[in-house]
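All remarks here apply to the structure that follows.
The values are calculated or read from the model by the stated rules, or taken from the named source; none is laboratory data. Quantities reported herein were computed from a predicted structural model and do not represent experimental measurements. Cβ atoms come from the backbone with ideal geometry, glycine included; neighbour counts cover every protein chain shown.
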Amino acid sequence: MSSIKTFSVFVLVTALLFEFTSFIATQMDLFLINRTPTLYQFSIGESIQDIAFGRTEREEWGAWHAENSSYRDSKSCFDVVMEFNEIGARDTSFANLSDQSIILLGDSFAEGYGVSESATSQYLIENELGVPLLNFGSAGHFGPLQELLIYKHYQTLPHQGLIVYVLPANDFGDNDSFAWESISQTRYRPYFSTGENPLTPYYFPTAVKRDHFIEDGIIGDVSTFIRNNLWSSNAIRTLLMILRGDAPFVAAQVEGKWVESYFYEANQGQQSNLILAYEAVLDLANNRDVLFVIIPGQTDISRWKNDPEPNSYKRQYWYESFMSFESRIHHDVSVLNLMDYLPENTDELFFTCDSHWNPNGNRWASDIIIQHIQANGLFNTHYGN
């Protein structure tokens, strides 16, 4: 056998072994992404494009969604279709809105990542209160500066108030240019300025606006083929996430030191910028009711359960600042810390293959939020069912 044939056989056997190993690892949820390739998916249909085609970065706030469209998002533990309205929000049409509407700001937890629309906390809250809850949440590293920018852009929509989801696990770093400069300077997304006014958005000079998260040309075609047809795509995408620094923190103890939790360890600049952004949101909200919902991630919960001083984060600047919001004049501002309402088995709140709320988590959060709204007389809750 010639050397070329020998090499070809070696490459083929290696590729098949890699594909088989990736299949086994996916079934065991060993990768950060454990998605069944489109080729093997039958429950929804192959005509719906992958969500990567539906996520954009062309607006001033960066991450968003393609308008009037539907896309499929799936991993080993979920398989959903996401539908976006005429402005790209994961919601029904915003035409003919009621003055009783409430705007929801936040990241992937507000968007309802991984669950059907009827299982999102947004839908459940809206259905119980009987007033429209406009979902401006977005995945794709969506932080407080982006929430400020999107609210500033759509503040003229009829609404009586705001619900703001705050996820310390991401929000302290999402718009920190120092944290991102070594990860990616090509994504079109805003960062806090290092100048006189941190709220003046800064964009890396090399940032490129994108209509989707799939590369164009031959590279994009190859990437799409691998994603749609090969189990190996999960191994490749996991490796790329690790190299880019996108891999989520794992709740674990290493040599007596707990893995980072931003509930406890955000630096002073990150804390200050986050509070500045939300103060600006309050200013734009004028006299409307505003509810901030602080969401603990899995790492934060693990840290809280095992830290000798679990509530020490409440003495930090960011948390004390949120508490001070409640005393602002001309505002009915309330802060709900979901860490104070954890169930006994917190693992039941999250997907087994992902760090987001599963349907149980969305139901748990929505029930607490609804009770808090009604108990504190926020918004016009007498319009509810």
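Is there a residue in region 202-213 that is among the β-branched types (Val, Ile, Thr), in a loop (DSSP other than H, G, I, E, B), out of contact with any Lys or Arg (no Cβ under 9 Å at 6 or more places or on another chain) and modelled with pLDDT under 95?
no
Checking the condition under 18 Å from residue 172 (Cα atoms) and either under 24 Å from the mean Cα position of the chain (by Cα) or surrounded by fewer than 15 Cβ atoms within 10 Å (Cβ to Cβ) (or both), which residue from 345, 337, 311 passes? So that I can check it myself, show each step before the final result.
Values: 345 fails: under 18 Å from residue 172 (Cα atoms); 311 fails: under 18 Å from residue 172 (Cα atoms).
None of the other options fit; the residue is 337.
Give me the residue from region 227-286 that is at pLDDT 80 or above, part of a loop (DSSP other than H, G, I, E, B) and of a type in the set (A, V, I, L, M, F, W, C) and, out of that set, nearest to residue 301 (Cα to Cα).
My answer is 266.
Return the residues of region 56-81 that are under 25 Å from residue 351 (Cβ atoms), assigned to a loop (DSSP other than H, G, I, E, B) and at pLDDT 95 or above; say none if nothing qualifies.
66
Do you know which of the residues in region 287-308 that are basic (Lys, Arg) and outside any loop (DSSP other than H, G, I, E, B) is nearest to the chain's Cα centre (by Cα)?
Looking only at region 287-308, we keep the residues that are basic (Lys, Arg), and these are 288, 303, 305.
Adding the requirement that they be outside any loop (DSSP other than H, G, I, E, B) leaves 303, 305.
Values: 303: 21, 305: 24 Å.
Only one residue tops the list, namely 303.
Any residue in region 339-358 that is touching a residue at least 40 places away in the same chain (Cβ under 8 Å) and aromatic (Phe, Trp, Tyr) sitting within a Cβ distance under 8 Å of a residue that is in a helix (DSSP H, G or I) and surrounded by 12 or more Cβ atoms within 10 Å (Cβ to Cβ)? List the pairs, counting only those 6 or more apart or interchain.
350/298; 350/361; 357/109; 357/121; 357/349; 357/364; 357/365
Evaluate the following for residue 351: is it farther than 20 Å from residue 268 by Cα and aromatic (Phe, Trp, Tyr)? Step through it out loud before you land on a result.
On the way: farther than 20 Å from residue 268 by Cα: yes; aromatic (Phe, Trp, Tyr): yes.
Yes.
Please list, ordered by first then second residue, the pairs with beta carbon atoms under 7 Å, 6 or more apart or interchain, first in region 23-36 and within 10 Å of residue 76 (Cα to Cα), second assigned to a loop (DSSP other than H, G, I, E, B) and hydrophobic (A, V, I, L, M, F, W, C).
From residues that are within 10 Å of residue 76 (Cα to Cα), the pairs are 26/231; 29/353; 34/353.
Which of the residues belonging to region 37-55 are modelled with pLDDT of 75 or more, assigned to a loop (DSSP other than H, G, I, E, B) and touching a strand residue (DSSP E or B) at 6+ places or on another chain (Cβ under 8 Å)?
Matches in region 37-55: 48, 49, 54.
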